[in-house]
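Here the structure is laid out as structure tokens; the discussion comes afterwards.
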Amino acid sequence: MSEHVTSANLTLFQSSNKKPPLLLPKFLLKKASYFSETELENINLAYYVACHAHDGQQRMDGSAYITHPEEVVSILLDYKMDQQSICAGFMHDVLEDSDISKNTLEKMFGKETISIVDGLSKLKKISFDNIAEKDANNFQKMALAMSKDIRVIVVKLCDRLHNMRTLDAMSKQQKLKIASETLYLYAPLAHRLGLYPIKTELEDLGLKFTKPEIYK
């Protein structure tokens, strides 16, 4: 795949009507059947950008990094989220993990999509280390206030859910920190938004790493 994903081609797609080859995995294409042809072209372009941004990068378990945004998008598709959310799901780590600029993405996808991506980047800057358990409710209010578009929170929750599903690759200390953060901050956020399947799975996985006996 990476042989097709080059900086030169990225610039070409940015400045013309030329479309990249269809790269979307079959399991995502099947789930994305509710989109129009034009919407699918934009989603495929977002996937192309993500492949370029994460080319050669790996996750802690040794898998190609692109598998993470693929799984995040898979969850978003289960909720029939719109085109902008799906594109943002593919590109949610692009600004941090590559030299592709916000301005470049905005020219390619428009302000609406990139505002979601940018909102996700801002949420990452909130440190759980500085938030006491008693302030979890304030964090949720702050996150919702920061995210003028509720889709930012939905994509973030799907991102967190896949990270929790793959937490075994982390160190014991990292597992405990991320799982605690999930239980106190993100599971309640999912509850606030009525995303009960996500809330339940986040709670189950959080207990798996914080209180394994209760989990069992």
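The values are calculated or read from the model by the stated rules, or taken from the named source; none is laboratory data. All values reported here derive from a predicted model rather than from experimental measurement. Backbone-built Cβ (ideal geometry, glycine too); neighbour counts: all protein chains shown. Side chains included, ligands, DNA and RNA excluded: accessible areas come from the protein's heavy atoms. Shrake-Rupley method; radii C 1.70, N 1.55, O 1.52, S 1.80 Å.
Details
Residue-wise test of (1) of a type in the set (A, V, I, L, M); (2) outside any helix (DSSP H, G or I); (3) within 16 Å of Ser74 (Cβ to Cβ); (4) out of contact with any helix residue (DSSP H, G or I) (no Cβ under 8 Å at 6 or more places or on another chain).
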{"position": "Lys156", "(1), (2), (3), (4)": "no, no, yes, no"}
{"position": "Arg160", "(1), (2), (3), (4)": "no, no, yes, no"}
{"position": "Glu181", "(1), (2), (3), (4)": "no, no, no, no"}
{"position": "Ala190", "(1), (2), (3), (4)": "yes, no, no, no"}
{"position": "Glu201", "(1), (2), (3), (4)": "no, no, yes, no"}
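- Residues that are in a helix (DSSP H, G or I) and open to solvent by less than 30 Å² (accessible area, probe 1.4 Å), drawn from the range 81-103: Ser85, Ile86, Cys87, Ala88, Gly89, Phe90, Met91, Val94
- Residues satisfying the stated conditions in the range 59-79, i.e. part of a loop (DSSP other than H, G, I, E, B) and open to solvent by less than 30 Å² (accessible area, probe 1.4 Å): Ile66
- For the range 104-132, the tally of residues that are at pLDDT below 90 and outside any helix (DSSP H, G or I) stands at 5.
- For the condition more than 20 Å from Val73 (Cβ to Cβ) and in contact with a Leu (Cβ under 7 Å, 6 or more places away or on another chain), Lys175 qualifies.
- Output for the range 45-71, where each listed residue is among the aromatic types (Phe, Trp, Tyr) and out of contact with any helix residue (DSSP H, G or I) (no Cβ under 6 Å at 6 or more places or on another chain): Tyr48, Tyr65
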